[in-house]
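The values are calculated or read from the model by the stated rules, or taken from the named source; none is laboratory data. Remember, it's a predicted structure, so these values are computed and weren't measured experimentally. Ideal geometry is used to build each Cβ from the backbone, glycine not excepted, and the neighbour counts take in all protein chains shown.
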């Protein structure tokens, strides 16, 4: 979970640094991917223990995968906003002055950010749901052991 999130957030930060470099804006937040992945992996573990995204387990796999991806995208956006507010308060800003402008601050930007996170999480939950259905050992064997043709 942590490794997947670290790679995912690292790619987001890499993209951000490339975009900012085109406008000659320095980028220095490289450690953020590691810290956010660590924190959000913990949030995911607690959320899973609380069963906040339970449902659709008896339906076609696309339903629990999309449902969990949407629920956890919302959780991630909320926790990102909460994290930014807490950091802002730590630095002496007001609560309203600390609220991040997710996706530029517009409703369209927030929704597009939510969609990007939803679809970025979908492979993770697809892997987990397939493992739930066929068994984790069989899934690992399919992915990490050489297959013989016969």
Odd one out for residue 30 among (1) touching a helix residue (DSSP H, G or I) at 6+ places or on another chain (Cβ under 7 Å); (2) assigned to a helix (DSSP H, G or I): (2)
Among the candidates 85, 77, residue that is assigned to a helix (DSSP H, G or I), crowded, with 17+ Cβ neighbours inside 10 Å, in contact with a helix residue (DSSP H, G or I) (Cβ under 7 Å, 6 or more places away or on another chain) and without any contact (Cβ under 8 Å) to a residue 24 or more places away in the chain: 85
Contacts under 7 angstrom Cβ, first residue in the stretch 133-150 being loosely packed, with under 11 Cβ neighbours inside 10 Å, partner modelled with pLDDT of 85 or more, 6 or more apart: none
Failed condition for residue 45, given (1) in a helix (DSSP H, G or I); (2) not assigned by TED's automatic domain parsing to the domain that holds residue 10: (2)
Helices (runs of 4 or more DSSP H) contained entirely in the stretch 91-150, each with at least 2 residues that are modelled with pLDDT of 85 or more, closer than 20 Å to residue 69 by Cα and within 19 Å of the chain's Cα centre (by Cα): 107-134
